[in-house]
Amino acid sequence: MSLAIKDDEVDIVIGALRSDLTTFMNEWRPMFSRFHVIIVKDPDLKEELKIPEGFNLDVYGKPDIDQVVGSSTSILFSGYSCRYFGYLVSRKKYIISVDDDCLPARDPKGFLVDAVAQHISNLTNPATPFFFNTLYDPYAEGADFVRGYPFSLRGGVKCALSCGLWLNLADHDAPTQALKARQRNSRYVDAVMTVPARSLIPISGINIAFEREAVGPALVPALKLAGEGKCRWETMEDIWSGLCVKIVCDHLGLGVKTGLPYIWRTDRGDPIASLKKEWEGVKLMEEVIPFFQSVRLPREATTVEECIIEVANAVKERLGSMDPVFARAAKAMLDWVKLWQSVGSSS
């Protein structure tokens, strides 16, 4: 798959939660070597990073984060949230973000999946959120619009976010993974689809790409659980961020795609131990989802920043009294907008 973009239009952002990135970077070398890479070290990680040579990259650690955003901000770039600092300092058109416990996947024929190329293909082809095409992505090779699809909608809209999937370890929550400890995902579905407007999805930061200027400020590190840990089962920040970006895309008429590309996610963590940490988030979701389903942004909100401010105010007003975590999330969202305007929008 050829890339219809220039090499200098893409940043690969990696949040480093482990110190030795040698295997990770070498496995991804065929896809990453063309592009600039931003590695953000988890501020809580004490060991020095081990990174192989041969990459065009910048590495940021706690001193860099403190220098840029200050140490007193309500936004905590710890754990998986360190990746958001990479989003903030990037100046490229497209950002592709992959967890450091994931490796390139192979398709059913045994060929290595170029996740970068597929993400860029998703973002540079239109999305169709307002009318579902039963052949999935009508712009994919060998596909088209089905009979009855309105011609007035076949031009589609800008795709702002691409959500890839993963093989091996599925993105279950801790209760499900604890019950199905041996279950692995081996189904490779060769398809991409646009998520319909007004439909929410649990977007995961494990394997995503987005157009930075279009939706960057909506990818916000806001929801932090009290007992949050260092495993995906123990965090909810990307779920919250995904809900925010989806309703902003719906409001601004932008598209979100899911499906290809696949990556290979390695086993990590103990779901039984993680259950105690994530249970708070599992319960909170029962309040969070109805809230996001009901949010309607005012017509006057025409920028991503304005949309996030509106969502933050609604969170504070409607959820703030239920649990302190929501009040903190609302403040972090407002602080993130200010930070993006002062740092993220700089040339």
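Just to be sure, is GLU310 touching a Pro at 6+ places or on another chain (Cβ under 8 Å), modelled with pLDDT of 95 or more and assigned to a helix (DSSP H, G or I)? Criteria met by GLU310.
Can you work out which of the residues in segment 1-22 that are open to solvent by 30 Å² or more (accessible area, probe 1.4 Å), closer than 30 Å to THR124 by Cα and of a type outside the set (Asp, Glu) is modelled with the highest pLDDT? Out of the qualifying residues, it is LYS6.
Conditions tested, residue by residue: (1) at pLDDT below 95; (2) open to solvent by 30 Å² or more (accessible area, probe 1.4 Å).
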{"site": "CYS244", "(1), (2)": "no, no"}
{"site": "GLY255", "(1), (2)": "no, no"}
{"site": "PRO271", "(1), (2)": "yes, no"}
{"site": "SER274", "(1), (2)": "yes, no"}
{"site": "LYS277", "(1), (2)": "yes, yes"}
{"site": "PHE291", "(1), (2)": "no, no"}
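Of all residues in segment 74-114, those being open to solvent by less than 20 Å² (accessible area, probe 1.4 Å), closer than 25 Å to MET333 by Cβ and either part of a loop (DSSP other than H, G, I, E, B) or of a type in the set (A, V, I, L, M) (or both) number 8. Here ASP267 clears all of (1) part of a loop (DSSP other than H, G, I, E, B); (2) modelled with pLDDT of 95 or more; (3) of a type in the set (Asp, Glu) except the condition numbered (2).
One line per residue, one yes/no per condition, for (1) over 20 Å from the mean Cα position of the chain (by Cα); (2) closer than 20 Å to ILE203 by Cα:
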position: THR23; (1), (2): yes, no
position: PRO30; (1), (2): yes, no
position: ARG34; (1), (2): yes, no
position: SER74; (1), (2): yes, no
position: PHE77; (1), (2): no, yes
position: TYR80; (1), (2): no, yes
position: ARG83; (1), (2): no, yes
position: LYS93; (1), (2): no, no
position: GLY110; (1), (2): yes, no
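Scanning segment 126-146 for residues that are in contact with an Asp or Glu (Cβ under 9 Å, 6 or more places away or on another chain), assigned to a loop (DSSP other than H, G, I, E, B) and buried (at least 21 other Cβ atoms within 10 Å of the Cβ) turns up THR128, PRO129.
The values are calculated or read from the model by the stated rules, or taken from the named source; none is laboratory data. All of these numbers come straight from a predicted model, not from anything done at the bench. Using ideal geometry, Cβ is built from the backbone for each residue, glycine included, and neighbour counts are taken over all protein chains shown. Protein only, heavy atoms only, side chains kept; ligands, DNA and RNA dropped before computing areas. Shrake-Rupley method; radii C 1.70, N 1.55, O 1.52, S 1.80 Å.
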